[in-house]
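*Asks:* Just dropping this structure here.
The values are calculated or read from the model by the stated rules, or taken from the named source; none is laboratory data. What you are looking at is a predicted structure, and each value in this text was computed from that prediction instead of being measured. Cβ: placed from backbone, ideal geometry, glycine included. Neighbour counts: every protein chain shown. Ligands, DNA and RNA are stripped out before the accessible areas are found, and what is left, the full protein with its side chains, is counted by its heavy atoms. Shrake-Rupley method; radii C 1.70, N 1.55, O 1.52, S 1.80 Å.
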Amino acid sequence: MSQLSDNVFDAVIVGGGPAGLNAALVLGRARRQVLLLDAGEPRNAASHAMHGFLSRDGLDPVELRRIARQQLTPYPQVKTVAALVDKVDVSGGRFDVLPSSGEMVTARKLLLAVGVSDVLPPIPGLAPMYGKSVFHCPYCDGWEISDQPVAVISEGSSGFRAALLLLGWSRDVVLCSHGPSELDESQRRQLATSGVSVCEKRIARLAGDSGQLDHIIFEDGTSLERSAAFFHGPVLLSSTLPENLGCVLTDSGRIEIDEAGRTSVDGVFAAGDAARRRGQHPATQVIIAAASGALAAIALHQELMYEDVGLTPALPRP
């Protein structure tokens, strides 16, 4: 990162996933000076293919990021650096950003595309199967397990919804609550009517070879043959920066943004899986993250333009 500390960037983007990369592309084409800092720890690191992205269906996420970075090269205003962001100080309307390299850079605007991380259920044998036969998103991986015996590993209402949702891909769905479920009688009746069995036994481990699920083994010694499982667990922000900066978070722990991708902190924008408008549907897909990065970049660029000519931004801050 030599000589970067002498520059004031129009924007520093924290996070090099689909949202951050698409934001960098839009801002680069707008001839803005951009620094993209990426820790290289994507949420979909365990995935070998992404889906639902027009013209890119089935592409390895690693290849998507490679292509995206390659397509940034015609825009010399965009610099990309592999680094964590340890600290951001706000002073005089500017952002002093300290990457893990230890060399401070300054930005007029900050775009947080920090992403989220999934908390895997602490069940022995599950982690090696994640991304191969255990998944969290049926829209991403449901097609590949069509008509196979499937389990949903979850406890309460989220498992109820996931089990019903998976009936679109398989009619053999069992909801495993890993102990007493939180289902009410109405939910139990609906699942039974829909052909979904509920198993409240505690899970001892997942069994299978080379990442392929074969059986769910319960603590009482019984087992359930399954070819795939979906879980619905907690999702956490992958960085403490939003909270450290004072960004308001939604009830689900995402960065709250307005329709332009602006946070509650002046000059700070957010995009991707880590950002949500209040009341927005919680769906997370690569194509949605990329689109949100483009929208935030356009709003950020226009805010810079208003500042450049001495005008007040057209939209009030949230």
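*Asks:* Select the strands (runs of 3 or more DSSP E) contained entirely in segment 34-111, then report the ones holding at least 1 residues which are at pLDDT 90 or above and open to solvent by 40 Å² or more (accessible area, probe 1.4 Å). Give the derivation first.
*Replies:* Values: elements: 34-38, 78-82, 85-91, 94-99.
Where strands (runs of 3 or more DSSP E) fall fully within segment 34-111 and carry at least 1 residues being at pLDDT 90 or above and open to solvent by 40 Å² or more (accessible area, probe 1.4 Å), they are 78-82, 85-91, 94-99.
Conditions (1) in contact with a Cys (Cβ under 6 Å, 6 or more places away or on another chain); (2) aromatic (F, W, Y); (3) in a loop (DSSP other than H, G, I, E, B); (4) modelled with pLDDT under 95, marked per residue:
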{"site": "L236", "(1), (2), (3), (4)": "no, no, no, yes"}
{"site": "G253", "(1), (2), (3), (4)": "no, no, yes, yes"}
{"site": "A283", "(1), (2), (3), (4)": "no, no, yes, yes"}
{"site": "A290", "(1), (2), (3), (4)": "no, no, no, no"}
{"site": "I298", "(1), (2), (3), (4)": "no, no, no, no"}
{"site": "P313", "(1), (2), (3), (4)": "no, no, yes, yes"}
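*Asks:* So if I check each of D220, D214, which one is part of a loop (DSSP other than H, G, I, E, B) and of a type in the set (D, E)?
*Replies:* Working: D214 fails: part of a loop (DSSP other than H, G, I, E, B).
Testing whether each residue is part of a loop (DSSP other than H, G, I, E, B) and of a type in the set (D, E) leaves just D220.
*Asks:* Of all the residues that make up segment 142-164, how many are in a helix (DSSP H, G or I), in contact with a strand residue (DSSP E or B) (Cβ under 9 Å, 6 or more places away or on another chain) and open to solvent by 30 Å² or more (accessible area, probe 1.4 Å)?
*Replies:* Going through segment 142-164 one residue at a time, the tally reaches 3.
*Asks:* Under 9 Å between Cβ atoms, at least 6 apart or on separate chains: pull out the pairs that start in segment 51-80 with a residue that is within 21 Å of L111 (Cβ to Cβ) and end on any residue that is open to solvent by 40 Å² or more (accessible area, probe 1.4 Å) and hydroxyl-bearing (S, T, Y).
*Replies:* Correct list of pairs: R69/T80; L72/T80.
*Asks:* Okay, moving on. Could you check V174 against (1) in contact (Cβ under 8 Å) with a residue 24 or more places away in the chain; (2) farther than 21 Å from M129 by Cα and say which number it fails?
*Replies:* Unmet condition: (2).
*Asks:* If you go through segment 27-74, how many residues are of a type in the set (D, E, K, R) and in contact with a Phe, Trp or Tyr (Cβ under 9 Å, 6 or more places away or on another chain)?
*Replies:* To start, the set of residues in segment 27-74 that are of a type in the set (D, E, K, R) comprises 29, 31-32, 38, 41, 43, 56-57, 60, 63, 65-66, 69.
Narrowing the set further to residues that are in contact with a Phe, Trp or Tyr (Cβ under 9 Å, 6 or more places away or on another chain) leaves 29, 31-32.
So the answer is 3.
*Asks:* Hey, another quick one. Which of the residues belonging to segment 218-237 are in contact (Cβ under 8 Å) with a residue 24 or more places away in the chain and either of a type in the set (A, V, I, L, M, F, W, C) or surrounded by fewer than 21 Cβ atoms within 10 Å (Cβ to Cβ) (or both)?
*Replies:* Initial filter on segment 218-237 (in contact (Cβ under 8 Å) with a residue 24 or more places away in the chain): 224-237.
Correct list: L224, E225, S227, A228, A229, F230, F231, G233, P234, V235, L236, L237.
*Asks:* So which residues in segment 112-135 are in a loop (DSSP other than H, G, I, E, B) and either in contact with a Phe, Trp or Tyr (Cβ under 6 Å, 6 or more places away or on another chain) or surrounded by fewer than 22 Cβ atoms within 10 Å (Cβ to Cβ) (or both)? Before you say what the answer is, go through the steps one by one.
*Replies:* Initially, segment 112-135 is screened for residues in a loop (DSSP other than H, G, I, E, B), giving 113-115, 119-126, 131-133.
Within segment 112-135, V119, L120, P121, P122, I123, P124, G125, L126, G131, K132 meet the criteria.
*Asks:* So, in segment 187-217, of the ones that are open to solvent by 40 Å² or more (accessible area, probe 1.4 Å) and among the aliphatic types (A, V, I, L, M), which residue ends up farthest from P128 (Cα to Cα)? Lay out the reasoning, then the answer.
*Replies:* Just the residues of segment 187-217 that are open to solvent by 40 Å² or more (accessible area, probe 1.4 Å), to begin with: 188-190, 192-193, 195, 197-198, 200-202, 205, 209-210, 212, 214-215.
In the following step, the residues that additionally are among the aliphatic types (A, V, I, L, M) were identified as 192, 198.
On the way: A192: 32, V198: 25 Å.
Top of the filtered list is A192.
*Asks:* A follow-up question, please. So is R188 free of Cβ contacts under 8 Å to residues at least 24 places away in the same chain, over 13 Å from F230 (Cα atoms) and of a type in the set (K, R) or not?
*Replies:* Numbers: free of Cβ contacts under 8 Å to residues at least 24 places away in the same chain: yes; over 13 Å from F230 (Cα atoms): yes; of a type in the set (K, R): yes.
When the stated conditions are applied, R188 passes them.
*Asks:* What's the number of the condition N244 fails, among (1) farther than 24 Å from G142 by Cα; (2) open to solvent by less than 40 Å² (accessible area, probe 1.4 Å); (3) not in a strand (DSSP E or B)?
*Replies:* (2)
*Asks:* Given the residues V14, V8, which is the only one that is closer than 24 Å to D96 by Cβ, in contact (Cβ under 8 Å) with a residue 24 or more places away in the chain and open to solvent by 40 Å² or more (accessible area, probe 1.4 Å)?
*Replies:* Numbers: V14 fails: open to solvent by 40 Å² or more (accessible area, probe 1.4 Å).
Every option except V8 fails the conditions.
*Asks:* While we're looking at this one, here's another question. Output the residues belonging to segment 165-181 that are more than 18 Å from I123 (Cβ to Cβ) and either at pLDDT below 95 or surrounded by 14 or more Cβ atoms within 10 Å (Cβ to Cβ) (or both).
*Replies:* First pass over segment 165-181, keeping only residues more than 18 Å from I123 (Cβ to Cβ): 165-173.
Once the filter is applied, which keeps residues that are more than 18 Å from I123 (Cβ to Cβ) and either at pLDDT below 95 or surrounded by 14 or more Cβ atoms within 10 Å (Cβ to Cβ) (or both), segment 165-181 yields L165, L166, L167, W169, S170, D172, V173.
*Asks:* Quick check, is Q285 open to solvent by 20 Å² or more (accessible area, probe 1.4 Å), touching a Phe, Trp or Tyr at 6+ places or on another chain (Cβ under 7 Å) and farther than 17 Å from A24 by Cα? Let's see the steps before the verdict.
*Replies:* Working: open to solvent by 20 Å² or more (accessible area, probe 1.4 Å): yes; touching a Phe, Trp or Tyr at 6+ places or on another chain (Cβ under 7 Å): yes; farther than 17 Å from A24 by Cα: yes.
Yes: the conditions hold for Q285.
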